[in-house]
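A short worksheet on the structure shown next.
Read-outs: derived from the displayed coordinates by stated rules, not from any lab. Quick caveat, the model's predicted, so the values are computed rather than measured. Backbone-built Cβ (ideal geometry, glycine too); neighbour counts: all protein chains shown.
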Amino acid sequence: MYLFMWFIVSFLVVGAYFAGTMNLLPSLPFFTSSTIASPSATAPSQSPQSESHPAPLSSSTTQPSSLLNPSIVQAQQQEVNPDEGNNVSTTGSLASTSPKISLPEIFKKTENSVVQITSTRPGSDQIVTLNGREIPQNNIALGSGFVYDQDGRIITNHHVVSEVDEVDVKFVDGDTYTAKVVGKDPYSDIGVLQITDREFFDKRVAPLKIANSSEIEVGEQIIAIGNPFGLSGTLTTGVVSQIGRLLPNDVTGYSIANTIQTDAAINPGNSGGPLLDMKGEVVGMNTAIFSNTGVYSGVGFAVPSNMLLKEIPVLIEKGSYVHPWLGFTARDVSPDIAESLKLPRNFKGAAVVSVVENSPADKADIRGQATGVDFVGNEQVRSGDIVTKIDSQPVKSMDDVISYLDESKKVGDKVTLTVNREGQDAEVPITLEERPSSSPRLLAASSSQQQQQQEEREEEESDPNPPLFRFPEIPGFPELPKLFP
């Protein structure tokens, strides 16, 4: 009897010993995490781990979270929600999948590559009065720019260098060099400079990296660096307020497509400076503001970096850039227009209003809105074509057409417009031509449209402070071109 009891006790002791030994197995370095953390495994209890051999993670849900190491819990959370490259830091976080850079680090990384541009516009000795002060018309204008490559090329806005052939380029260390204007595109407001002083090349300034602007999203934090009011090396920050904005340009008569809207402070002197993401890469070039006063009011615009990447090589090679052109104006289809044409109330498209004489659209028989009078003298309006697609891409407004052409097409390419004409869909092939520089003659412009335009002009003249799209300018310099809504 005693022998049997002794045998049972010995068996239990030996079993307990081996069970305890097995609990140590997960901490041994020759067991991999894939072996231990299988879906069917039960999580072992945690034991102190050496720094060189951290405990592998278990996928079991039976282990209480309070017993897990905090760094392991955080690593698991990062696996579920990987870092997206934003600037919001997590206290005590482990290494993320993409590097985070703080604002001071971004500034230190890029400040040497951002420049101040000084130009003196030619003019007479005529005097202008600003705020009660007499100022010579040929005053000095200041803008910004950034280094594009190690061959001494600088990128800035066209309106900063529009009337000059040579400028001074000043770096943050105070060194100033002479640069020639080698490329201009007034339609996209892009200018390219070439530094001619040989001393510059000894500096070996690193160019800024240009990112893919199509990857940015509304709400992302961005940074503007430039020289507002001549204050060199100024950093401001904000978010991407919206993307794909069509920016009207009253100077050229053509809008700038796909611009980036931001609430980062942009003021006179910021023009041509870089708009950076949180990796310190260029996603745009600061260009214009919407303001009643000519200074920052919370709405700024930047030319997207993809447009820079597309145009700059051509501007360097040829000095200019030609834009593709269809040759018609259009407006959104309102619910009233849709219902009057017996279309669904929320029908989407660009309703053609006017067609330019002898334009690609005119040659392809795109029809604009036309007017006439009946036998009793009442005005009759004939609806024009409604563009619903361009190369199978949906069109909700004329913005979509302009953005698609500037982003994806060049002169000589063919596009196919899908139009709704008197309730029937039709496909119209068109060959794109070069955008004319002079104001073209419009066909099929209705008298009601002309009357509306006249009323709008009178309303603008009666408003002492109409909201303006402005190219940021330095106070005291004659007015630079303005962008009206």
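Of Asp168, Asp425, the sequence from fewest to most neighbouring Cβ atoms within 10 angstrom is Asp425, Asp168.
Within the P(r) computed for the stretch 166-307, what percentage of the Cα pairs occupies the region above 18 Å? All intermediate terms of the calculation are to be shown ahead of the outcome.
Values: 5797 of 10011 pairs.
When every Cα pair of the stretch 166-307 is considered, 58 percent fall beyond 18 Å.
The gain in end-to-end length when the Lys209 to Asp197 segment is fully stretched comes to 2.0 nm, 0.36 nm per residue minus the alpha carbon separation.
With the simple model of a label 7 Å out from the Cα in the direction of the Cβ, Leu341 to Asp365 spans 1.8 nm. A simple charge model with +1 on the Cβ of Lys and Arg, -1 on the Cβ of Asp and Glu and nothing else charged puts the dipole of the stretch 324-434 at about 240 debye relative to its Cα centre. Working note: Karplus 6.51/-1.76/1.60 with θ = phi - 60° gives the stretch 171-184 the couplings 8, 5, 7, x, 5, 10, 10, 8, 9, 9, 7, 10, x, 9 Hz, where Gly and Pro are set to x. Listed values for the stretch 220-234 are Karplus-derived 3J(HN,Hα) couplings in whole Hz (6.51 cos²θ - 1.76 cosθ + 1.60, θ = phi - 60°), namely 5, 6, 9, 9, 10, 10, x, 10, x, 6, x, 7, 5, x, 9, and x replaces Gly and Pro. In percent, rounded to a whole number, the relative contact order of the stretch 324-434 is 29, using alpha-carbon pairs under 8 Å and six or more apart.
Amide hydrogen proximity for Asn249: with H placed 1.01 Å from N in the peptide plane, the residues at 5 or more positions away or on another chain lying under 5 Å are Tyr254, Ser255, Ile256. Restricting the GluC sites (Glu not before Pro) of the stretch 175-278 to loop positions (DSSP other than H, G, I, E, B) with no more than 12 neighbouring Cβ atoms within 10 Å leaves Glu217.
Database remark: amide H of Val299 closer than 5 angstrom to the amide H of Phe290 (H placed geometrically; neighbours at sequence offset of 5 or more, or on other chains; Pro and chain starts carry no H).
For Val395, the residues 5 or more places off, or on other chains, whose built amide H falls under 5 Å of its own are Lys389, Ile390. Remark: Arg245, Arg331 ranked as Arg331, Arg245, counting other beta-carbon atoms within 10 Å and listing the fewest first. Where in the stretch 248-274 is the amide nitrogen less than 17 Å from a point lying 7 Å along the Cα-to-Cβ axis of Val314? Output list for this probe position: 254-259.
Computed over the stretch 324-434, the P(r) curve from all C-alpha pair distances, binned at 10 Å from the origin, holds 15, 48, 28, 9, 1 percent per bin.
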